[in-house]
1. So which of A52, A26, A81, A96 is touching a strand residue (DSSP E or B) at 6+ places or on another chain (Cβ under 9 Å) and either surrounded by 10 or more Cβ atoms within 10 Å (Cβ to Cβ) or modelled with pLDDT under 90 (or both)?
2. Could you run through region 31-68 and say how many residues are of a type in the set (V, I, T) and over 25 Å from T4 (Cβ atoms)?
3. Somewhere in region 38-47, is a residue at negative phi and assigned to a helix (DSSP H, G or I)?
4. Can you name the residue in region 23-37 that is of a type in the set (A, V, I, L, M, F, W, C) and part of a loop (DSSP other than H, G, I, E, B) and is also farthest from R50 (Cα to Cα) among such residues?
Amino acid sequence: MTQTTLQYFLSLPYTVQRRVIVDPVADHVRLSVAQWPGCEAAGTGDDEARRALHLAMIGWLKSRARERAHIPLPDGTLKIAPPYKRDVRPPRTSFAGATR
């Protein structure tokens with residue numbers, strides 16, 4: 001996965017779910033990406049959990065790319081095809097015999 005592709009997926013507006021886990025010693029914040037099963041991270045606060053989730057998202061994307069697996073897009077996001085050269089030659093039909 002190229003750095004450009006990685007940045008593209010990380011820039012999309014995925015839904016991040018937040019849960020607070022109450023523990024007698026210390027509370028934890030668990031964040032997960034709703035569209036990516038198994039992509040989650042935890043921290044003792046929101047900032048730490050966000051940093052951990054960012055690293056988890058990178059690992060999740062690289063893993064999916066290695067497996068050549070589908071990477072879901074956020075709900076309501078149009079799929080943008082990568083740039084490629086299109087064949088724009090006119091069709092091979094003749095209009096010489098056409099009448100009006």
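The values are calculated or read from the model by the stated rules, or taken from the named source; none is laboratory data. Note that the coordinates shown come from a computational prediction; the quantities given were computed from them, not determined experimentally. When we count neighbours, we look across all protein chains shown, and the Cβ atoms used for this are built from the backbone with ideal geometry, even at glycine.
1. Numbers: A26 fails: touching a strand residue (DSSP E or B) at 6+ places or on another chain (Cβ under 9 Å); A81 fails: touching a strand residue (DSSP E or B) at 6+ places or on another chain (Cβ under 9 Å); A96 fails: touching a strand residue (DSSP E or B) at 6+ places or on another chain (Cβ under 9 Å).
Answer to the check: A52.
2. At the first step, the residues of region 31-68 found to be of a type in the set (V, I, T) are 33, 44, 58.
So of that shortlist, the ones also over 25 Å from T4 (Cβ atoms) come out as 44.
Matching residues across region 31-68 total 1.
3. Looking only at region 38-47, we keep the residues that are at negative phi, and these are 39-47.
Those still in the list that are assigned to a helix (DSSP H, G or I) too: 46-47.
Within region 38-47, one or more residues are at negative phi and assigned to a helix (DSSP H, G or I).
4. At the first step, the residues of region 23-37 found to be of a type in the set (A, V, I, L, M, F, W, C) are 25-26, 29, 31, 33-34, 36.
Of the ones still in play, those that are also part of a loop (DSSP other than H, G, I, E, B) are 25-26, 34, 36.
Values: V25: 21, A26: 17, A34: 15, W36: 16 Å.
The qualifying residue farthest from R50 (Cα to Cα) is V25.
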